[in-house]
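These notes are about the structure you will find just below.
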Amino acid sequence: MGQGPVSQGLARPVAKRPDKSLLRGLGGLLPRGLLARTLLIMLLPLVVLQGVALQLFYGGHLDVISRRLSAGLAGDVAFVANLVDQVPEAMRGQILREANWRLGLSLGFEPGQLLGTPPARPAWMPFLPLEEDLDHALRERMSFTFDADWHSDPQAIVIRVQTGTGLLSVEAPRKRLFSTTLYVFVLWLVGSALLLAGIAILFMKNQVRAIRRLAEAAESFGLGRDTAPIKPEGAREVRQAALAFNAMQGRILRFVSQRTEMLAGISHDLRTPLTRMRLAIAMLPRSAETAEDLEALNQDLEEMERMVETYLAFARGEGIEAPRPADLVELVEEMAAKSRRSGADVSVNLPEALTLPLRADALKRALGNLLDNARRHAKRIAIAVAEVQEAGRHWAELTVDDDGPGIPAADRAEAFRPFSSGSATGTGLGLAIARDIVRAHGGEILLEESPMGGLRARMRLPV
């Protein structure tokens with residue numbers, strides 16, 4: 001007999017992956033800070049434990065005690081009500097006196113009086129089962145109509161019972177139904193939770209403070225600000241990180257200092273032969289035939305000196321200058337005036353003043369590089385300064401627009417690379433230096449299409 005195709009194997013069940021959208025939704029509900037998350041991890045089990053303890057107490061111990069105490073009081077009231085209803089009138093006084101003394105109840109009887117319709121009252125203590133248990137016990141143990149008043153007397157419960165011969169009034173002390181251990185239990189439960197929570201918050205604040213100081217020191221050092229070594233404190237791992245940061249900071253500062261000294265020596269060595277060459281050219285005899293050649297040599301020397309200064313500035317960086325409060329508007333006006341003296345057509349749109357921490361000399365160099373690039377490629381330049389807010393942070397936004405040919409969008413990222421120049425006379429370091437300076441301030445610089453038809457350089461600095 002023929003056989004059908006043999007199965008290659010049993011199909012494996014596909015494991016169900018967790019819903020990522022649900023996980024992202026739950027993650028959005030969690031706090032962002034380390035302190036809040038740690039306290040949530042520590043205090044959430046404590047709160048759950050306290051809730052379980054309260055539930056066990058209310059569902060077990062308190063419920064049983066409340067039913068037993070209510071049953072005892074209801075039995076006493078029902079017993080007195082039945083006796084008063086059945087015995088002759090002459091014996092009622094004696095029964096009430098005996099009940100007052102032996103049962104601890106304050107009793108009164110009004111022959112022929114009617115109870116009427118009991119008024120609607122709010123619950124005395126909604127989260128406790130006392131009122132409900134007492135009403136249930138009274139209905140179980142007697143057939144008379146009654147009204148239990150928990151509001152008239154703060155020290156007692158007033159129960160009025162409509163018997164066949166009159167109205168029985170009973171004042172029972174609240175301690176017959178209410179145990180003081182409830183206050184002690186709740187006070188201990190809440191007090192211990194608050195005490196432990198306070199200790200946890202103080203402890204975690206000290207730990208998080210050390211981490212926050214380390215983060216602030218790292219950010220300040222990354223922005224080029226002078227920061228003293230941070231004091232190691234907190235847990236062992238946090239102290240270890242602080243010591244490692246201090247060691248790293250010291251090594252970087254020593255490296256920068258050594259490189260700066262080396263570059264200063266290189267700058268001096270390079271200027272010496274250039275100066276000798278300039279002096280030699282100046283001492284050469286001038287004639288109508290050699291004047292043009294000597295002028296070209298002087299221009300070449302000036303170009304070489306400018307290129308050497310540019311290369312050294314890029315290699316040295318701008319981290320030596322300390323940031324100080326300065327008026328960005330005043331700085332922009334100064335650079336715009338300087339660019340106009342060089343022959344550029346510069347218009348400005350500036351606010352009255354905008355003060356923020358700046359490395360003024362470095363920022364002048366960055367803005368000068370942007371203006372020089374615009375002046376070489378465009379006829380008109382427009383500078384604007386405004387204060388903007390984005391993602392909860394305040395920024396000082398400076399834009400430099402021109403009407404030149406611009407840079408294609410695909411080539412704008414490449415324009416920031418060192419030695420990338422679209423001009424035969426440029427060094428290709430102007431935008432690279434400008435970006436390094438702006439980033440050292442904690443900001444960013446972008447190239448965009450200008451409304452004037454050319455290129456826009458957008459510079460953002462934190463306020």
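Does Ala242 satisfy the criteria of being of a type in the set (Gly, Ala, Ser), open to solvent by less than 70 Å² (accessible area, probe 1.4 Å), modelled with pLDDT of 80 or more and in a helix (DSSP H, G or I)?
So Ala242 fits the description; yes.
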> Of the residues in segment 191-221, how many are free of Cβ contacts under 8 Å to residues at least 12 places away in the same chain, of a type in the set (A, V, I, L, M) and more than 16 Å from Thr38 (Cα to Cα)?
Replying inline: 3
> List pairs: first in segment 331-355 and more than 16 Å from Thr399 (Cα to Cα) and of a type outside the set (D, E, K, R), second in a strand (DSSP E or B) and open to solvent by 70 Å² or more (accessible area, probe 1.4 Å), Cβ under 8 Å, 6+ apart or cross-chain?
Replying inline: Thr355/Pro325
> Looking at Ser169, is it in a loop (DSSP other than H, G, I, E, B) and either open to solvent by 10 Å² or more (accessible area, probe 1.4 Å) or among the acidic types (Asp, Glu) (or both)?
Replying inline: no
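Here is a yes/no grid of residues against (1) surrounded by 15 or more Cβ atoms within 10 Å (Cβ to Cβ); (2) polar (S, T, N, Q); (3) in a helix (DSSP H, G or I):
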| site | (1), (2), (3) |
| --- | --- |
| Ala336 | yes, no, yes |
| Glu352 | no, no, no |
| Arg365 | yes, no, yes |
| Asp401 | yes, no, no |
>> Can you find, within segment 90-147, the residue that is surrounded by the fewest Cβ atoms within 10 Å (Cβ to Cβ) among those that are small (Gly, Ala, Ser) and not in a helix (DSSP H, G or I)?
In response: Ala120
> assigned to a helix (DSSP H, G or I) and either touching a residue at least 24 places away in the same chain (Cβ under 8 Å) or open to solvent by 40 Å² or more (accessible area, probe 1.4 Å) (or both) - does that describe any residue in segment 222-230?
Replying inline: yes
> Does Asp153 qualify as being in contact (Cβ under 8 Å) with a residue 40 or more places away in the chain and either surrounded by fewer than 18 Cβ atoms within 10 Å (Cβ to Cβ) or part of a helix (DSSP H, G or I) (or both)?
Replying inline: no
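The values are calculated or read from the model by the stated rules, or taken from the named source; none is laboratory data. The structure displayed is predicted, hence computed values, not measured ones. Cβ atoms come from the backbone with ideal geometry, glycine included; neighbour counts cover every protein chain shown. Each accessible area value is taken on the protein alone, full model and side chains, heavy atoms only, with ligands, DNA and RNA left out. Shrake-Rupley method; radii C 1.70, N 1.55, O 1.52, S 1.80 Å.
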